[in-house]
1. Which number in (1) among the polar types (S, T, N, Q); (2) free of Cβ contacts under 8 Å to residues at least 24 places away in the same chain; (3) assigned to a loop (DSSP other than H, G, I, E, B) marks the one condition that T112 misses?
2. How many of the residues in the stretch 25-52 are closer than 13 Å to Y4 by Cα, away from ligand 1 (no atom under 16 Å from the Cβ) and of a type outside the set (K, R)?
3. Residue check: is L174 free of Cβ contacts under 8 Å to residues at least 40 places away in the same chain, assigned by TED's automatic domain parsing to the domain that holds S54, crowded, with 21+ Cβ neighbours inside 10 Å and in a helix (DSSP H, G or I)?
4. Search the stretch 1-60 for residues being closer than 22 Å to E221 by Cβ, among the hydroxyl-bearing types (S, T, Y) and touching a Pro at 6+ places or on another chain (Cβ under 9 Å), and hand back the single one that is farthest from ligand 2 (Cβ to nearest atom).
5. Just to be sure before I move on: is I24 among the β-branched types (V, I, T), in contact (Cβ under 8 Å) with a residue 24 or more places away in the chain, buried (at least 16 other Cβ atoms within 10 Å of the Cβ) and out of contact with any Phe, Trp or Tyr (no Cβ under 8 Å at 6 or more places or on another chain) in the structure I sent?
6. Among the numbered criteria (1) free of Cβ contacts under 8 Å to residues at least 24 places away in the same chain; (2) over 30 Å from L26 (Cβ atoms); (3) within 36 Å of the chain's Cα centre (by Cα), which single criterion is violated by E224?
7. State all residues of the stretch 177-215 that are away from ligand 1 (no atom under 16 Å from the Cβ) and within 15 Å of the chain's Cα centre (by Cα); if no residue qualifies, say none.
8. Filter the stretch 19-32 for residues that are modelled with pLDDT under 95 and either more than 14 Å from the chain's Cα centre (by Cα) or in a strand (DSSP E or B) (or both); which is nearest to I213 (Cα to Cα)?
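The values are calculated or read from the model by the stated rules, or taken from the named source; none is laboratory data. Everything numeric in this text was worked out from a predicted model, so none of it was measured. Virtual Cβ from ideal backbone geometry, glycine too; neighbours counted across all protein chains shown.
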Amino acid sequence: MTEYCVELKNITKKFGNFTAVDDISLKLEPGKIYGFVGPNGAGKSTTMAMIMGSLFPTSGSGKVFGHPLASTEALQLLGYSPEFTSFYRDMSCAEYLHYMGTLSGMSDKAATARTKELLEKFDLTEHAGRKVAKFSTGMKKKVSLAQAMINYPKVLLLDEPTANLDPTSRQEILETVRDMVEKEHLTVFISSHVLTELETVINHVIMINHGKIILDAPIHEAQEMFKKGILNVNTDNNELLHEQLGSKYQCTVTEEGLRFVSDDMPGLKQDIVSCVFNNHMTLNLLQEEVLSLDSLYKRIMEGNTHESDNKENA
Ligand SMILES: Nc1ncnc2c1ncn2[C@@H]1O[C@H](COP(=O)(O)OP(=O)(O)OP(=O)(O)O)[C@@H](O)[C@H]1O
Ligand SMILES: [Mg+2]
């Protein structure tokens, strides 16, 4: 039987009459990176807080490596970087990390060694003695991630670790996380709005909207599921190509030339090549479109995009 790192069973969270998380179940397997995506107010932070034991579900139950949510055993296996972190005003970066280590039960020596290692990993060594409260947003995010890893957790819950960062810092943070996952065999549950950047890092995508999970699949499977062959084509006579194939295939004019959509990709390609050959045309572009996580997300959320935040909260 698979031992799941995290298992949620029919978890619901209500705030008054408002249902923020609505009967969700999920299972996280060891060693994988999970992307947890959904629009503002979808229920991402609420779900993470329940896994972390800082919020109690209204109904349902969950386990972390077989231990009930919020139990001491469960907490020791989890590392959490919340959406918003506040730091003690007078603590230096190194003091803060060391303090968080000892708070989670590490010895002074172990916390010191781990602090040094994480400062190096996150490129913060030269800032170790500076007050963390005065750090830039990106540096604070790094400190928040480092503290999440201080106690060698088995599961990392990262709530929007790249929010408000510039593209280079985002990439840097995600790469560091990926390195740590490989090195320390972690499972990561990471939420983000910036979906395209997650795509290169995650193995599995879980989408949530209005408190309900609407997709839970390996990233490649998800992409396949929603893939309707899209072919971008350009020739020296796009008008003629459009005229000849426009009634058989869905075809739109784009900046690049023509964009065909079909379930029958081999048939479409054959028809295009025949048309080009028979009419002595030149084929400049024949490019199948790879579905990005972002376009997948948009397709799934299509017609369902109004924010849960707009709903009246109790
Ligand atoms: N303590 C609370 N009291 C009342 N409503 C709450 C509370 N916490 C969250 N909510 C509501 O629950 C819903 C889900 O919130 P949550 O913070 O989990 O969303 P999210 O997916 O993390 O959104 P974002 O992407 O903006 O961070 C929202 O409508 C929010 O207003
Ligand atoms: Mg949130």
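1. (3) is the only condition that T112 fails.
2. So the answer is 5.
3. Details: free of Cβ contacts under 8 Å to residues at least 40 places away in the same chain: yes; assigned by TED's automatic domain parsing to the domain that holds S54: yes; crowded, with 21+ Cβ neighbours inside 10 Å: yes; in a helix (DSSP H, G or I): yes.
Considered against the rule, which asks whether it is free of Cβ contacts under 8 Å to residues at least 40 places away in the same chain, assigned by TED's automatic domain parsing to the domain that holds S54, crowded, with 21+ Cβ neighbours inside 10 Å and in a helix (DSSP H, G or I), L174 comes out as yes.
4. Among those that are closer than 22 Å to E221 by Cβ, among the hydroxyl-bearing types (S, T, Y) and touching a Pro at 6+ places or on another chain (Cβ under 9 Å), it is T2.
5. Yes, satisfied.
6. Status for E224: all satisfied but (2).
7. Just the residues of the stretch 177-215 that are away from ligand 1 (no atom under 16 Å from the Cβ), to begin with: 177-188, 196, 199-204.
Answer for the stretch 177-215, where residues must be away from ligand 1 (no atom under 16 Å from the Cβ) and within 15 Å of the chain's Cα centre (by Cα): V177, R178, V181, T187, V188, T196, E199, T200, V201, I202, N203, H204.
8. Filtering the stretch 19-32 down to residues modelled with pLDDT under 95 leaves 29-32.
Keeping just the survivors that are either more than 14 Å from the chain's Cα centre (by Cα) or in a strand (DSSP E or B) (or both) gives 29-31.
Values: E29: 17, P30: 20, G31: 22 Å.
It comes out as E29.
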